[in-house]
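*Asks:* Structure incoming, see below.
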Amino acid sequence: MVETTAAAALQQTGVRLTPQRLAIAGVLAQTGKETSAQELYERVRKKHAYIGRATVFRSLDRLVSAGLAQRLERPGHVSAYIWCEPGHHHHLICTTCRTVEDLDEGAVAPLAETIARQRGFRVDHATLDFYGECRTCASRHPRGRAVRRAAR
């Protein structure tokens, strides 16, 4: 099912379908978390031993340029990637469990409008990613309790 969705997205954006690219896109789409190129390479190789590391890097670059993947930054300036459905959106990235949620443009549009109004700056394109903890991880590690304990 995921490979079918990935194949349809590749065709929709005009990316040439190759068995390698389809396998890489399918694994990235299935992951649901931000993943480094090395991690993706290791996952792809489990089912497709013939795919090389350079192919994974080239395919990721192509997926990013087609808008089907986005490059994110991990601590230490390490790149990670997430599968993106076509269409402009932003992300909420959990730094604990590494899940990524899409954030609709409607949530960010008021910020761009405020910038335009207050600064006179016309925003043509914006990429905005929020890093922090998802609801599940935040409920496991409430910051308020930790701060109160440290203050004692």
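The values are calculated or read from the model by the stated rules, or taken from the named source; none is laboratory data. Quick caveat, the model's predicted, so the values are computed rather than measured. In this analysis, Cβ positions are derived from the backbone assuming ideal geometry, glycine residues included, and neighbour counts consider all displayed protein chains. When the accessible area is computed, the model is the full protein with side chains, heavy atoms only, and any ligands, DNA or RNA have been set aside. Shrake-Rupley method; radii C 1.70, N 1.55, O 1.52, S 1.80 Å.
*Asks:* Using 7 Å Cα-to-Cβ label points, what is the His77/His141 separation (nm, one decimal)?
*Replies:* Taking the two extended label points, one gets 2.5 nm.
*Asks:* So what is the calculated 222 nm ellipticity per residue for the chain, using -39500 (n - 2.57) for each DSSP H run with n of 4 or more, over all residues, to the nearest 500 deg cm²/dmol?
*Replies:* Computed ellipticity for the chain at 222 nm equals -15500 deg cm²/dmol.
*Asks:* Evaluate E = 1/(1 + (r/R0)^6) for Ala107 and Glu85, where r is the Cβ-Cβ distance and R0 equals 22 Å; express this FRET efficiency to the nearest 0.05.
*Replies:* The pair Ala107/Glu85 has a calculated efficiency of 0.85.
*Asks:* If you compute percent of Cα pairs over 20 Å apart for the structure shown, which of (i) 49; (ii) 57; (iii) 53 do you land on?
*Replies:* (ii)
*Asks:* List the trypsin sites (Lys or Arg not before Pro) within segment 16-125 that DSSP assigns to loop and that have no more than 12 neighbouring Cβ atoms inside 10 Å.
*Replies:* Arg16, Arg122
*Asks:* Hey, if you put +1 on the Cβ of every Lys and Arg and -1 on every Asp and Glu Cβ in the chain, which of Gly120, Gly14, His90 ends up farthest toward the positive end of that dipole?
*Replies:* His90
*Asks:* Compare Tyr81, Tyr50 by solvent-accessible area with a 1.4 Å probe and give them largest first, with all protein chains kept in place.
*Replies:* Numbers: Tyr81 15, Tyr50 135 Å².
If we order Tyr81, Tyr50 from most to least accessible, we get Tyr50, Tyr81.
*Asks:* Sticking with this one: What distance in nm separates the two pseudo spin-label positions at Gln30 and Leu128, each 7 Å out from Cα along the beta-carbon direction?
*Replies:* 3.5 nm
*Asks:* Considering the chain as a Gaussian network with a 10 Å cut-off on Cα pairs, which listed residue, Glu73, Glu133, Glu113, attains the greatest mean-square fluctuation?
*Replies:* Largest GNM mean-square fluctuation: Glu113.
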